[in-house]
Amino acid sequence: MGEGPRLREPKDHVADLRLHCDVVVVGSGPAGAIAAWRLASAGVDVVLLEAGPWVRTFQPDVGRTLASSFWDGGVRVTRGNVLLPTLQARCLGGGSVYNSAICMRPTTGALARWRDAHGIDFTSGELDADFDAVERLMGVKPVAPDVMGRRNELFLEAAKRLGWAAEVIQRNEEGCQGSANCILGCRVGAKLSMDRRSIPEAMALGARVVTGAVVDRLLLSRGRARGVEGHLINEAGESAHALRVTAKATVLAAGTIATPALMRRSGLRKPGIGDNLRFHPSTYLLGRFDSEILPWQGATQGAHTTEFLDRGIKLESLWADPAVFSIRFPVEGLAFQEWMARWPQIAVWDGWVSGDDSVGAVREVGPRLDLTWNFGARDVKLLQETNALLAEMFRAAGAREVLPGMRGLPAVLSADDAPERIRAARVTATDLPTASNHVFGATPMGADPATAATDKHGAVYGTEDLYVVDTGLFPESPGVNPMLTAMALAHAIGGTVADRVASAARAP
Amino acid sequence: MPPGLGDTERAVASTIATWLYPPAGALGVSGAADRVSVYVDDYAARLPTASRLQFRALLHAMDRGFGPWAGRPTARLTEARPKDVAAYLTAWAKAPTYTQRMLFEGLRTVLMMAYASDPEVRARCGIPWLGDT
Ligand SMILES: Cc1cc2nc3c(=O)[nH]c(=O)nc-3n(C[C@H](O)[C@H](O)[C@H](O)COP(=O)(O)OP(=O)(O)OC[C@H]3O[C@@H](n4cnc5c(N)ncnc54)[C@H](O)[C@@H]3O)c2cc1C
Ligand code: SF4
């Protein structure tokens with residue numbers, strides 16, 4: 001194992017830092033943390049670098065949370081035919097700290113598309129053991145009945161009335177108290193985000209972790225990766241000192257957006273690196289009931305449909321904060337406040353589509369990112385249909401009114417005919433408000449080095465000893481929420497890298 | 001933390017919040033309350049530099065755009081009559097141009113975060129507030 005402290009944080013950054021290890025992992029989100037844990041479990045000397053801090057005290061509100069713990073202060077948007085807001089966390093644990101902890105294995109249909117269109121075949125259960133291992137480690141289990149809350153229960157009742165397949169969501173948590181506050185970080189420590197599960201275990205196995213460590217460039221020499229360099233951020237938020245980590249292998253897990261940006265900044269600009277930026281465009285509807293729902297009670301996301309997965313549509317129950325959802329209320333001040341006062345009778349349900357018809361790119365202009373993404377016409381139609389399906393659920397659940405947020409429709413629709421009115425609306429991309437926190441695909445795996453960034457093992461084509469493990473690997477949507485698939489792939493690739501490092505060490 | 005907003009930007013935020021959240025509303029809490037602009041200031045201070053500059057530029061654009069809109073080039077949003085403020089901001093909210101609508105929506109989101117995070121507003125809506133826990 002390597003020398004020095006297991007954990008270095010911004011308060012420790014008082015001088016330049018140089019480290020050497022077997023494998024350096026860049027980024028500590030679900031993918032990087034699992035890769036680091038797998039490598040450390042195999043006895044490999046790992047250094048895990050994270051640009052953000054270890055957040056131990058959470059902010060009480062959404063604005064301060066976004067501004068302090070997300071890249072670009074939480075106001076990141078892509079440009080293209082629409083402006084798509086997207087959130088990427090910047091802290092130890094990455095997205096897992098603020099996400100809803102939904103864990104779901106990819107659909108068989110999605111894996112078949114990965115095989116048929118990209119030559120990446122996981123259809124015969126090759127990743128099953130990786131999924132099992134990750135689910136065990138992360139404590140994945142269904143939301144307990146006592147923390148479902150009315151909003152989630154009503155969702156299941158509505159699906160049942162419509163005859164649609166739906167189920168209680170499985171999440172990585174232990175002792176969830178149903179505070180519905182996942183977007184603010186879990187104050188009771190029930191969510192098993194990576195800072196609580198996997199990173200501590202990796203450290204106990206000898207992994208070294210550095211937070212406030214921003215990687216700026218890959219060290220490349222004669223077609224091989226030799227490590228990384230960057231800068232350290234101290235407690236005052238200043239980039240005060242230099243960072244250099246040399247390694248036998250480098251694993252990139254900075255997320256779908258930051259990983260290709262880092263590769264391109266380091267001179268790796270071949271096709272496949274930074275193209276194919278994908279999202280699951282999402283929507284949500286508000287439904288107003290006569291009775292109390294108290295939407296802030298219950299697990300953040302406790303129920304979802306599986307009925308439409310093969311059509312590329314998933315519906316879910318959701319809560320975040322009124323500050324996020326009240327944008328759906330009429331702008332006019334008096335009506336707005338009347339609606340605010342109705343929050344106890346409102347439920348929020350969301351939906352997203354697989355985004356197969358929408359694509360973008362990651363480019364960098366100096367130190368800044370340029371993100372583009374175009375919302376394809378087929379996806380616009382599919383998201384409109386998602387709104388209609390959500391409205392059907394609200395009607396089936398007995399809602400009085402539905403707030404669809406679609407331009408061209410009134411802000412408030414009667415639940416009786418909302419599905420039909422939503423379906424009948426003539427909409428273009430800019431009429432449907434959408435956002436997405438499921439981002440993937442910008443360094444895709446594929447059998448063809450001319451179009452893909454990596455092979456099936458995350459090994460970057462054309463550069464030895466360089467791997468990608470984050471959601472950028474997905475050549476297309478996994479058909480479900482992305483985190484668990486990323487963790488299983490990282491587990492598998494972590495094992496491969498450990499084997500390769502070990503066999504290189506044995507080689508004469 | 002670096003400073004958040006300048007005086008003009010704060011005043012613009014306050015003017016817009018007062019229109020969005022009038023004192024006569026069902027909740028009886030006005031967007032003019034100091035704590036809304038204090039929140040927005042604090043929020044801006046936490047943003048990374050590039051995002052903060054964009055946010056400040058947006059507030060200036062709202063202010064500077066008022067004069068030409070009103071046909072009086074030197075007129076300021078912060079000094080306008082409530083009726084004109086309402087008409088001007090409605091024009092932004094319902095603008096035919098997508099980007100303009102989205103800019104207004106972005107600003108409205110920040111002001112909404114300020115308003116909806118106010119403990120008094122939350123208490124009146126029956127929404128729990130984590131600030132004191
Ligand atoms: C609000 C929200 C809710 C979500 N809910 C769910 C859900 O319930 N289920 C689900 O499956 N998915 C969910 N997602 C998506 C999920 O969180 C992501 O897919 C997942 O976190 C991706 O993991 P990752 O490791 O690829 O990247 P990330 O989690 O983005 O981690 C990348 C890490 O790398 C760090 N980094 C970036 N650049 C550098 C650099 N240059 N140097 C050093 N470090 C760097 C970042 O700070 C970050 O910590 C949600 C996302 C959000 C934002
Ligand atoms: S719902 Fe609340 S208690 Fe449960 S995991 Fe999320 S933040 Fe924690």
Scanning the stretch A:156-173 for residues that are within 16 Å of ligand 1 (Cβ to nearest atom) and under 25 Å from A:ASP321 (Cβ atoms), which turns out nearest to the other protein chains (Cβ to nearest Cβ)? A:GLU173
Determine if the stretch A:287-295 includes at least one residue that is open to solvent by less than 20 Å² (accessible area, probe 1.4 Å), within 14 Å of chain B (Cβ to nearest Cβ), of a type in the set (Gly, Ala, Ser) and more than 16 Å from ligand 2 (Cβ to nearest atom). no
Qualifying positions in the stretch A:54-73 - open to solvent by 20 Å² or more (accessible area, probe 1.4 Å) and more than 7 Å from every other protein chain (Cβ to nearest Cβ): A:TRP54, A:VAL55, A:ARG56, A:THR57, A:PHE58, A:GLN59, A:LEU66, A:TRP71
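In contact with a strand residue (DSSP E or B) (Cβ under 8 Å, 6 or more places away or on another chain) and within 16 Å of ligand 1 (Cβ to nearest atom): does that describe A:GLY255? Walk me through how you get there before you give the answer.
On the way: in contact with a strand residue (DSSP E or B) (Cβ under 8 Å, 6 or more places away or on another chain): yes; within 16 Å of ligand 1 (Cβ to nearest atom): yes.
Criteria met by A:GLY255.
For every residue, the table says whether it meets (1) polar (S, T, N, Q); (2) within 9 Å of ligand 2 (Cβ to nearest atom); (3) touching a helix residue (DSSP H, G or I) at 6+ places or on another chain (Cβ under 7 Å).
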residue	(1), (2), (3)
A:LEU156	no, no, no
A:ARG161	no, no, yes
A:ILE169	no, no, no
A:CYS176	no, yes, yes
A:LEU184	no, yes, yes
A:ARG196	no, no, no
A:PRO200	no, no, no
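Which residues, counting only those in the stretch A:216-230, are open to solvent by 20 Å² or more (accessible area, probe 1.4 Å) and within 25 Å of the chain's Cα centre (by Cα)? So that I can check it myself, show each step before the final result.
Step one: of the stretch A:216-230, the residues open to solvent by 20 Å² or more (accessible area, probe 1.4 Å) are A:216-217, A:219-224, A:226, A:229.
Residues satisfying the conditions are A:ASP216, A:ARG217.
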Scanning the stretch B:47-81 for residues that are open to solvent by 60 Å² or more (accessible area, probe 1.4 Å), β-branched (Val, Ile, Thr) and either in a helix (DSSP H, G or I) or closer than 30 Å to A:ARG76 by Cβ (or both) gives B:THR49
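So, of the residues in the stretch A:3-36 that are open to solvent by 40 Å² or more (accessible area, probe 1.4 Å) and either of a type in the set (A, V, I, L, M, F, W, C) or part of a strand (DSSP E or B) (or both), which turns out to be farthest from A:TRP71 (Cα to Cα)? Don't jump to the end; show me each part of the working.
The first filter runs over the stretch A:3-36 and keeps only residues open to solvent by 40 Å² or more (accessible area, probe 1.4 Å), leaving A:3-8, A:11-12, A:14-16, A:18, A:20.
Pick out the ones that are also either of a type in the set (A, V, I, L, M, F, W, C) or part of a strand (DSSP E or B) (or both) and you get A:7-8, A:14-15, A:18, A:20.
On the way: A:LEU7: 23, A:ARG8: 21, A:VAL14: 24, A:ALA15: 25, A:ARG18: 26, A:HIS20: 28 Å.
Across the stretch A:3-36, the extreme among qualifying residues is A:HIS20.
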Can you report the number of residues in the stretch A:42-65 which are assigned to a loop (DSSP other than H, G, I, E, B) and over 16 Å from A:VAL97 (Cα atoms)? 4
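Any idea which of B:GLY106, B:GLY28 is open to solvent by 30 Å² or more (accessible area, probe 1.4 Å), touching a residue at least 40 places away in the same chain (Cβ under 8 Å) and in contact with a Lys or Arg (Cβ under 8 Å, 6 or more places away or on another chain)?
Working: B:GLY106 fails: in contact with a Lys or Arg (Cβ under 8 Å, 6 or more places away or on another chain).
So the residue among B:GLY106, B:GLY28 that is open to solvent by 30 Å² or more (accessible area, probe 1.4 Å), touching a residue at least 40 places away in the same chain (Cβ under 8 Å) and in contact with a Lys or Arg (Cβ under 8 Å, 6 or more places away or on another chain) is B:GLY28.
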Only one residue in B:TYR39, B:TYR43 is part of a helix (DSSP H, G or I), more than 20 Å from B:ARG124 (Cα to Cα) and among the aromatic types (Phe, Trp, Tyr), so which one is that? B:TYR43
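Condition first: in contact (Cβ under 8 Å) with a residue 40 or more places away in the chain, closer than 13 Å to A:LEU489 by Cα and of a type outside the set (A, V, I, L, M, F, W, C). Can you find one or more residues in the stretch A:99-108 that meet it?
Step one: list which residues in the stretch A:99-108 are in contact (Cβ under 8 Å) with a residue 40 or more places away in the chain, which gives A:99-107.
Filter again for closer than 13 Å to A:LEU489 by Cα, leaving A:105-106.
After this cut, where a residue has to be of a type outside the set (A, V, I, L, M, F, W, C) as well, the list is A:105-106.
Yes; the residues of the stretch A:99-108 include at least one that is in contact (Cβ under 8 Å) with a residue 40 or more places away in the chain, closer than 13 Å to A:LEU489 by Cα and of a type outside the set (A, V, I, L, M, F, W, C).
The values are calculated or read from the model by the stated rules, or taken from the named source; none is laboratory data. Note that the structure is predicted; figures quoted are calculated from it, not measured. All Cβ positions, even for glycine, are placed from backbone atoms using ideal geometry, and neighbour counts span all protein chains on display. Surface areas here come from the heavy atoms of the whole protein model, side chains and all, with no ligands, DNA or RNA. Shrake-Rupley method; radii C 1.70, N 1.55, O 1.52, S 1.80 Å.
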